[in-house]
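Trainee: Dropping the structure in here first, questions after.
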Amino acid sequence: MNERHVQAFTHALYTLAANPEYIHPLRDEVHRVVEERGWTRDSIADLREVDSFLKESMRISSSSRACLPLFSHLREPIWSGLASLFQ
């Protein structure tokens, strides 16, 4: 990850902390997809609510606007190191 990825993801976490009502729906989606497909790059494409949340978070953050398309080019799934957040 480069600095722009970290900045975009940090802003998304701040957005989530400021809007805790999104935690349970996002976590439920992650649990459902992981149960059905596991932690794979392909399963990340099924995280539509998470994707929408990240895009909206980046839309309201002028400092991280062009970063989201780069997430799809990571060698490891972005969520692989964050599983503990959704337990």
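Trainee: If we count every other residue with Cβ under 13 angstrom of R32's Cβ, Lys/Arg +1 and Asp/Glu -1, where does the sum land?
Mentor: Around R32, the surrounding residues sum to -3.
Trainee: Let me ask you something else. Residue by residue through the stretch 20-29, which ³J(HN,Hα) values in whole Hz follow from phi under the Karplus form 6.51 cos²θ - 1.76 cosθ + 1.60 (θ = phi - 60°), with glycine and proline marked x?
Mentor: So the J values, rounded to whole Hz, are x, 5, 8, 4, 5, x, 5, 5, 4, 5.
Throughout, read-outs are computed from the coordinates displayed, never taken from laboratory work. Just so it is clear, the structure is predicted and the values come from calculations on it, not from any experiment. Note: ideal-geometry Cβ built from the backbone for every residue, glycine included; neighbour counts use all protein chains shown.
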